Structure formats: C-alpha cells, structure tokens
1. If I take the rotation axis that carries chain A onto chain B, which residue of chain A has the nearest beta-carbon, and at how many angstrom?
2. Run through the DSSP bridge list for chain A and note the antiparallel percent, rounded to the nearest 5.
3. Using a label point 7 angstrom from Cα along Cα-to-C-beta, what distances in nm, from shortest up, separate residue A:120 from the other copies?
4. Helix A:13-23 versus the longest principal axis of chain A: what is the Cα-based angle in degrees, 0 to 90, to the nearest 10?
5. Which whole-number percent gives the relative contact order of chain A, counting Cα pairs below 8 Å spaced six or more residues apart?
6. Averaged over A:102-115, how many beta carbons belonging to a partner chain fall within 10 Å of each residue's beta carbon?
7. Quick one: which of A:61-70, A:110-119 comes out on top by average Cβ neighbours within 10 Å, and what's the full order, highest first?
8. For segment B:30-72, what value does the Rg/Rh ratio take when both radii are computed over Cα atoms and Rh is the Kirkwood radius, given to two decimals?
DNA sequence: TGCGTTACGTGATAAAATCACACGCGTAAA
DNA sequence: TTTACGCGTGTGATTTTATCACGTAACGCA
C-alpha cells in the first residue's frame, strides 16, 4: 500500500524512509528492525530512526505500541483528531491493527471527567488471538 | 500501608520485598528504582527484581504501566477477575492510579467481539493532568 | 552574503530487560 | 537415609531499547 501524496504532510527524508518501511510491513516494526531494513538506504544509526519516528508520531502518522516496543502506521481518519487509540494485538501471529470505536472513546472521556482528570491522550492495547489464529488454535 | 497477611498468597522472599517496596511508594516504580531501594536488603541484581515482578504480575498483585516502564500495586477488587486494567497517569506529577470502570470494560468486550478477537487482556493508559496539577496549571 | 533554523551523521552512553549457568534448600520418591 | 527433582536464588555477561552530546550540512530569508 502506498500513500496518497496529496494528503502527505511535509516529511523529512528520513521520515519518508521510515514511513515507507513501516507501511510496507504487515506487522508492527521495532526501531532496530527498521534500522536493519533501512541500512541499504544508508541509515546507520539508531538516532536516525528514532528521530524519524518521533517526527512521524508528532504528525500523527505513526503510533507506538508500548506493549511491543513497536510502531505502526496510523490508519485512522485524520479528519477528526483522535485523542484515543485502540490497538488489537494478536499474541500468536504478532499482527496488530488499529481500530476506532466511538463507544470506547466516549466512556474514556467519562472516566476522565469522573476523576476530574484533564485527558490529553489515551491508548488501549487489547491482546489475545485474532480471528485467524483463533480458528487455528490447538 | 501494610498488606493483609490473610489474603496474601504464597510469595517468595523477593516477591515480598518488591511488593513492600512498591506498596510503600506513592508513584509507579521502575525496576531499577526498586533495585536501588532494595539494595540495603541485599538485592544486588536486576534479575532478582524482574523475577519478583514477573511472579507478582502473574499473581495479579502488580501491574506494569507500559507507557512508563514502571510498576504499581494492583488495588482492584480481586473478587471478580479483571481482564482489563485502566490507568490514569499524570504527566505533571507522575502519579498513577488504577481505576475500575465497567462501562469501559463492557465496550472493550464489544470491540473484541466485533473483531472476532479472543480477548485475553486489555490495558487502557490515560495520560493527562490529575485534578491537583490541573488546578495548579500555569 | 550572513544568519538562524532545521535536519542529519556519528560515537558514546544510558536505561531496560534477558540469558545462561551454578548453587542451596526443601520435599517427596526410592 | 539417600537420591533426585523442582523451585527460588545469586551472579556476570549480554542483548535490546533509547537517549545524549556535539558537530556539520542544507535550506530559507533578510
């Protein structure tokens, strides 16, 4: 899958590289995996990758999945900004997807209010077995 | 705050030490912080702490907050098992609390079902400003 | 041209977690 | 009692993840 150049914000050279590497991968990628992937393109140091990931994250194009120390491309609609992200992570195949759910988001806001908490960001990481692996389960 | 010996499962010596250190701290503790704390008691190596944390986590007494690489004592009611944990984390003071919310849990289950996902565990990490810091905000 | 900002390159280092292997100690089978 | 085994532990090395610090290059703009 390639990205629409129309909607692409101004990215630096390294951000482009990292985003491409990430987009052309099925699964979440770790920083050092990306580094390996990009070595043929001249990327040598971890810093380069981490800087690009930071930039992409700030631009909302990439999310980090903390449970895996790995990164994925954000597939969400950028029209309305999501203060919440929901990730569904398969323990078996390692696949991870981002899903949107207004119901969860609404309840999260409720929880914040109930606790007088000024919510800046919320991330929900769900782990288990995806539909495919569930079927193949022993 | 001390723990009720009645309800305490069988813990190893190191698990007790780590749990005590964790329980007597306001904020989430990192593994190496715990190591420092426990050095006077003879704990010398990271492994010791990580092993204890693993054991405590398996027993459901401790949770890891991935966003912080830090650990807190589980305050939840152990009567009904929570497949979900919700953490409210203040960016300013670093305080973190676990909260329960059936509404969120229910919606999480819905999301899992909608995706034919066999949910094993879900963790929601909310970050922002706690009530206290919110008031003192510049 | 000169200046400031932003991206980039690079080596060192820190922080977080795990591996691998050995030892002591209780306890249950022989 | 002795042997064998599991489990918790101790310990040093190593791996994995992330950041610091500092210098240089590229670009926009007065």
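Every number here is computed from the coordinates shown, using simple stated rules; none is lab data. The model shown is predicted, which means the values in this text are computed figures rather than measured ones. Cβ coordinates were reconstructed from backbone atoms using ideal geometry, including for glycine residues, and neighbour counts include every protein chain displayed.
1. Here the value is A:66, 2.
2. Antiparallel bridges: around 60 percent, rounded to the nearest 5.
3. Residue A:120 label point versus its equivalents elsewhere: 3.2 nm.
4. On a 0 to 90 degree scale, this one is about 60.
5. Worked out over chain A, it gives 20 percent.
6. Average per residue, whole number: 5.
7. The peptides rank, most packed first, as A:61-70, A:110-119.
8. With Rg and the Kirkwood Rh in hand, the quotient comes to 0.97.
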